[in-house]
Structure formats: structure tokens, C-alpha cells
1. Among the residues in the range 255-273, are any assigned to a helix (DSSP H, G or I), more than 11 Å from the ligand (Cβ to nearest atom), within 20 Å of the chain's Cα centre (by Cα) and among the hydrophobic types (A, V, I, L, M, F, W, C)?
2. In the range 96-117, what residues are of a type in the set (D, E) and surrounded by 20 or more Cβ atoms within 10 Å (Cβ to Cβ)?
3. For V52, are the conditions met, namely being more than 16 Å from the ligand (Cβ to nearest atom) and surrounded by fewer than 20 Cβ atoms within 10 Å (Cβ to Cβ)?
4. Kindly list the number of the only condition in (1) in contact with a strand residue (DSSP E or B) (Cβ under 6 Å, 6 or more places away or on another chain); (2) away from the ligand (no atom under 11 Å from the Cβ); (3) closer than 26 Å to A282 by Cβ; (4) not charged (D, E, K, R) that fails for V93.
5. Considering only residues that are aliphatic (A, V, I, L, M) and in contact with a Ser or Thr (Cβ under 7 Å, 6 or more places away or on another chain), which ones fall in the range 239-263?
6. Yes or no: the range 219-241 includes at least one residue that is among the hydroxyl-bearing types (S, T, Y), surrounded by 15 or more Cβ atoms within 10 Å (Cβ to Cβ) and within 19 Å of Q324 (Cα to Cα).
7. Out of the range 212-230, which residues are outside any strand (DSSP E or B), among the hydrophobic types (A, V, I, L, M, F, W, C) and within 21 Å of Y78 (Cβ to Cβ)?
8. Look through S37, S64 and report the one residue that is within 16 Å of the ligand (Cβ to nearest atom), touching a residue at least 40 places away in the same chain (Cβ under 8 Å) and assigned to a loop (DSSP other than H, G, I, E, B).
Amino acid sequence: PTGSAETKPEENDVEYLTPVSIGTPPQVLNLDFDTGSSDFWVFSSETSKSDVNGQTVYDPDKSSTAKEMEGYSWQISYGDGSYSSGDVYTDTVTVGGLTVPSQAVEVARRVSDAFTADTNNDGLLGLASSAINTVDPVAQKTFFDNVKSDLDAPVFTADLKAGTPGYYNFGFIDPNAYTGNITYTPVDDSQGFWAWTPSGYAIGSGQFKNTSSLSIADTGASLLLLPSSVAKAYYARVAGGHYDSTAGGYTLPCNGSAPDFSFGVADAGARITVPGKYIAYAPTTSSGTICFGGIQSDEGIGFSIYGDVALKAAFVVFDAGNQQLGWAAK
Ligand SMILES: CCCC[C@H](NC(=O)[C@H](Cc1ccccc1)NC(=O)N1CCOCC1)C(=O)N[C@@H](CC1CCCCC1)C(O)(O)C(F)(F)C(=O)NC
């Protein structure tokens, strides 16, 4: 079998939410599919009332197929400082027509303020390696790991789009979803992430630089976080681009004069080009003319993060069968 689920961008493409059915009868929640983590967790009837603010909650008591995992718990913290924690059930979960009869569903008791404020986001569906799942005493498998062996092929693809719905597909590669060829590059999942090394980068029509750094493909990150030298070089080419400590990062004029940013995949000379308009990410609160940059420094993280600003410029194949990432233009 294969599956296909439509995913919709929130404002400024800050995240993409995908409907998921949990339990019997099905309870539909909109989740953030996240290739940067491996916990499947949801707002629930157990979530502290002061932490819930409009989210749809999963109530295991209303599901005839829910089973509590006695003595199991989870707690996770994310790169942006947000966190959540709670207990664990198993229940039937359907994504894009694919059903896992007994998926570990991590129900939240507590979530941090950023989750409470993110009113349309009902939880996360992790798609990184199950090795970094936080359930204690026994780590649980991701939805993809549970369904992988049944799929026509052990792959899923992310086709995120700017300001319009895209798709997460499971078990097949849609030839109509991309142009040209898919270029594959090896993945190192030793840290649990979809980690890869781009072959280099170019700014606008500038010459291609063969410097590269370990990076992760992360659907759960909004921006493109690059080595500080690269971020600096990019904004040096933007009229009015500069680091604004008040904004907490680089800002630039929203007026669409930003150069494109291209990165290389493998040595095959394949390039993905992020249009400059994606890098005029979103107006800063003080005005409509200055935008927060979609490229920022990865200072302090330890690797670069190819988040939604980059991913929405490509068709991306997460190939677990061959431990590789495939990139194609679209
Ligand atoms: C260190 C750089 C990574 C920062 C990244 N977060 C982000 O990119 C958040 C995502 C978000 C969207 C909407 C509302 C609230 C938050 N956006 C964000 O920090 N910004 C600030 C800059 O403007 C753009 C939006 C992150 O922690 N991603 C997590 C998953 C998110 C956690 C917060 C809720 C949404 C999902 C991750 O799993 O992808 C991770 F890999 F980064 C991680 O921490 N793995 C353990």
C-alpha cells in the first residue's frame, strides 16, 4: 500500500499541519509532521486546562481501541526552547489512508507556552529515527517505522509549498510532483536526524562555493539555518540586509530584491534554488517594509538546518530503505 496526506501551511509557512485520525470512532487532529524529532504526541483530555487554548484534543476514554501503557511516560524539549511531556497510550492511527493498528500515542499532560499559543497545532508526528523517541522505559516507534514494512517502498516524500497546500506521501514517489531528476545523497542517522552534507552553495548568480557543513532536513523547522559565515555572506549581498539584535536575527527589505540562494546536492552538480522571495520571510512587527530573514545563522546548534524555507523549494525523498535523501526541483 501507499498513502498520501495533504498538508496545509500556517501563516508565513511557519509550520505545516496535516490531519491524522486517532482512535475508534476516529478523532481527527491536525499535527505538525516533523522530520527533526521522533515523538508522536498530541494535546489530550489529560492536558492541563491552562495549557490548552483552542487546540483539538484526543480523548482516549472516548476511543474503544485505546489502551493505556501503564508506567510509560515521555518528555521532550526542542531546539526553539519549547517542550512537552505526559503519558502513553496505544491506539489505531490513520494517516493519508494508511492505518497502524497499534501506534504509541503520547498524550500531553503539560506543554510549554509556545505550544499553548500555537492554537491550530494539535501535536507532532515525528518522522526522524525511532532511536531518539523519548518514551520511558522503552522507546516507541514512529508512525513511519510502524508502517514502513507494509509500504510498496520504504520511503516518504515531503512536497511543501509556499502559501498553499502540499503533500506528504508514503511508500511511493510521485513522478508528477517534480521536474528533472531526483539527486540522492547519503544520510547519516547516527544522531537520529536525516543528516546530510550539501556539496556547496551559491548566492544569486555568484560563483558556486564548495564549502559545506553537516545539515539536517527538518520539516519541523521554519527557516534555513546556515553557518554564520554563509549567512553573513548572503546578507552582504542584500541592499538593506543587516543583523538586527532587536529582531533577534538578520532582517532585510520585504520588497523582493533579495538574491536567490542555491545549494548543491551530491557532486553531480545538482542544485536546488531557494527563491529570494522566500528569504524575505515575514514582516517584522514594527513595519510592513522590513522582513525577518528566512536565512539565519546556525550558531550554537552544531549543524545547519534545512527547514521549510528550503524544503518548500524542493521535492524531497526521505529514503529509509537506502539511508539517503533525494532532492529534486519542482
Ligand atoms: C534550533 C533550531 C530549530 C528551531 C525549530 N523551531 C522552529 O523553527 C519554530 C517552529 C514553530 C512554528 C510555529 C509555532 C511555534 C514554533 N519556528 C521558529 O522558531 N520561528 C522563529 C523565527 O521565525 C520563524 C518561526 C525547532 O525547534 N523544531 C523542532 C520541532 C518544532 C518544535 C516547536 C513546535 C513546532 C515543531 C524540531 O523537532 O524540528 C527540531 F529538530 F528542531 C528539534 O528540536 N528536535 C529535537
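The values are calculated or read from the model by the stated rules, or taken from the named source; none is laboratory data. From a predicted model like this one, the values you see are computed outputs, not experimental measurements. For neighbour counting, all protein chains shown are included, and Cβ atoms are generated from backbone atoms with ideal geometry for every residue, glycine included.
1. The initial filter retains those residues of the range 255-273 that are assigned to a helix (DSSP H, G or I), namely none.
No; the residues of the range 255-273 include none that is assigned to a helix (DSSP H, G or I), more than 11 Å from the ligand (Cβ to nearest atom), within 20 Å of the chain's Cα centre (by Cα) and among the hydrophobic types (A, V, I, L, M, F, W, C).
2. Kept after step one, since they are of a type in the set (D, E), are these residues of the range 96-117: 106, 113.
Hit for the range 96-117 is E106, nothing else.
3. Numbers: more than 16 Å from the ligand (Cβ to nearest atom): no; surrounded by fewer than 20 Cβ atoms within 10 Å (Cβ to Cβ): yes.
The answer is no for V52.
4. Among (1) in contact with a strand residue (DSSP E or B) (Cβ under 6 Å, 6 or more places away or on another chain); (2) away from the ligand (no atom under 11 Å from the Cβ); (3) closer than 26 Å to A282 by Cβ; (4) not charged (D, E, K, R), V93 violates only (3).
5. Just the residues of the range 239-263 that are aliphatic (A, V, I, L, M), to begin with: 239, 247, 252, 258.
A239, A247, listed by residue number.
6. Let us first name the residues in the range 219-241 that are among the hydroxyl-bearing types (S, T, Y), namely 219, 222, 228-229, 234-235.
Narrowing the set further to residues that are surrounded by 15 or more Cβ atoms within 10 Å (Cβ to Cβ) leaves 219, 222, 234-235.
Now restrict to residues that are within 19 Å of Q324 (Cα to Cα): 219.
Looking for residues that are among the hydroxyl-bearing types (S, T, Y), surrounded by 15 or more Cβ atoms within 10 Å (Cβ to Cβ) and within 19 Å of Q324 (Cα to Cα), one finds at least one in the range 219-241, hence yes.
7. L214, A221, L223
8. Numbers: S64 fails: within 16 Å of the ligand (Cβ to nearest atom).
Only one candidate qualifies: S37.
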